[in-house]
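Contents: one structure, followed by commentary.
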Amino acid sequence: MLWCCWAKAGPAGPIIDPAKITYLINGSAGQPYQYIVPVEEGSGIITDILNAVFEGSSFELDPQAIPVKRVKRFIYEGKLNYWVTYGFRSWTQAAPDDNQYLAEVDLFHYRYALIGYRDQAQTAALSPPVSWYGKRVVVISGFQYSGVKKQLIAQGAEIIGAQDQFHALELLQRGRGDFYLGNPDRVSYLWAKLGEPWQRFESFPVGVTLPVTIMMDNAFSDNFKRFVNQRLATLQQTGVIDNILARYSVQ
C-alpha cells in the first residue's frame, strides 16, 4: 500500500518527501550492520530492516557507500539532503539537532568491550590489566567511541588506528595491538567470515552500552518520520527485527 508523502503545511508550504532516499553506508567499517556486497551474501542488519520498513511503500533506497568520517562531517555541516542511515543515541551530541532525527524505536544495543587475541604469547592467560599504561588498543579511525577511547588514553593506553574492522583483527593477529576496542557481536560475525573460531578471542566489557536506531535527515516531513516510527514499532512487535538480528548473530 502506498503511503502519502505530503507533510502538513508550514510557512514555506508543504514538504514533499522524495521518492528516492539516499541510504548512507559507512564504507567498509559497518559490517554486519550495513555494507555493499553481491546480493547472494546479504547486505546487513540495518539494510534488511530499512528494506522491511519501506516494503510496499512509494519510497526507494539509493545506497551510497561513504567513509564514516565524511558521513559525520556531511551530516554535521548539513551538506546531505533526504538521507537515512543508522546511529547511536549518543550521536546527537556530535551534530546539530536541526540536521538529524533519531527514530523512536531502539533496534538493539551496542556493547563496547576490549577484545584480545589469545594466540599471542603475551595474552595466553589474558585478563584485564590493572593499568592500561603501555597497552596498545586498536580503534577504527573516525569512530568516536562515546568517550571510552579518551578514558583509555587518560589511563596510559596507546591508540592504534585501523581502516576498518578486518584491518583491526589483522593487527591483533600480527601482534601489533593488545586489544581491539569494539563490539563482541561484530567481532564474532567477522571472525566467522574469516573462517576462524571465536574462541581465539577474549572479550572484556567496559560498561558502556549504546542504543542503536535509525537516523535520518531532519528535513523529512513529520508524516515521514511518523511512518518510519510506526513501521519500526510493528516490525519489532511482530518479531521481524529479532529474526534479522538472529540472522547476523547479534543480540
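What follows draws every value from the coordinates through simple rules; no lab data is involved. Computed from a predicted structure; not experimentally measured. For neighbour counting, all protein chains shown are included, and Cβ atoms are generated from backbone atoms with ideal geometry for every residue, glycine included.
Principal axis extents of the C-alpha atoms in segment 152-241 (largest first, rounded to whole Å): 51, 33, 25.
In this structure, the amide hydrogen of Phe201, modeled 1.01 Å from its nitrogen in the peptide plane, lies closer than 5 angstrom to those of Arg118, counting only residues at least 5 positions away or on a different chain. Between the amide H of Ile140 and those of Ala162, distances stay under 5 Å, these residues lying 5 or more places away or on another chain, with hydrogens modeled in the peptide plane.
For segment 238-248, backbone phi angles converted through the Karplus equation (6.51, -1.76, 1.60; θ = phi - 60°) give residue-by-residue couplings of 8, x, 5, 5, 4, 5, 5, 4, 5, 4, 10 Hz, Gly and Pro being listed as x. Amide H contacts for Val208 (H built 1.01 Å from N in the peptide plane; partners 5 or more residues away or on another chain; cut-off under 5 Å): Tyr112.
Computed packing ranks the peptides 206-217, 161-172 as 161-172, 206-217, most packed first, by mean other Cβ atoms within 10 Å. In order along segment 99-108, the Karplus-derived 3J(HN,Hα) couplings, from 6.51 cos²θ - 1.76 cosθ + 1.60 at θ = phi - 60°, round to 9, 9, 9, 9, 4, 6, 8, 7, 7, 6 Hz, and Gly and Pro are given as x. Say the cut-off is 29 Å between C-alpha atoms; which of Lys79/Lys193; Lys20/Lys150; Lys20/Lys72; Lys79/Lys135; Lys72/Lys150; Lys150/Lys193 go over it? From Lys79/Lys193; Lys20/Lys150; Lys20/Lys72; Lys79/Lys135; Lys72/Lys150; Lys150/Lys193, over 29 Å: Lys79/Lys193; Lys20/Lys150; Lys79/Lys135; Lys150/Lys193.
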